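Enquirer: Provided herewith is a single structure, encoded as structure tokens, for subsequent inquiry.
What follows draws every value from the coordinates through simple rules; no lab data is involved. In this text the structure is predicted, and so the values were computed from the model without any measurement. Every residue, glycine as well, gets a Cβ built from its backbone with ideal geometry; the counts of neighbours run over all protein chains shown.
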Amino acid sequence: MTEEEQWQELERKQRKHNELICMQHAVVEAQRFIESSKDELGIMTLRKAYEMGYKAGFYDASNTRSK
């Protein structure tokens, strides 16, 4: 394997690792949302749930970038 191929493989592994971390974070946040909204979930529309998740994700991403 050439040095270039090794570098590409390392970059691929790093992207995959970052994707896995994002997925794990999403699962944790989904669980938090379910636990904090359990009394409302039966009457909540998908649109409202999506909007709440979008706002929370945007807020979280904004705070992450400013640190």
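Enquirer: Using a Förster distance of 30 angstrom, determine the FRET efficiency expected from the C-beta separation of Tyr50 and Met1, and round it to 0.05. Walk me through the numbers on the way to the answer.
Expert: Values: r = 44 Å, r/R0 = 1.46.
Step by step, r from the Cβ atoms, then E = 0.10.
Enquirer: Students often forget the sequence filter, so: which aspartates and glutamates lie under 19 Å Cα-Cα from Lys55 once same-chain residues fewer than 8 apart are removed?
Expert: Hits, sequence-local ones excluded: Glu29, Glu35, Glu40.
Enquirer: Could you tell me the largest-minus-smallest coordinate of the C-alpha atoms of the chain on each of the three principal axes, in descending order and whole angstroms?
Expert: Principal extents (largest minus smallest coordinate, Cα): 57, 26, 18 Å.
Enquirer: Still on this structure, I have one more. About its Cα centre, what dipole magnitude does the chain give when the only charges are +1 on Lys and Arg Cβ and -1 on Asp and Glu Cβ, stated in debye to the nearest 20?
Expert: 340 debye
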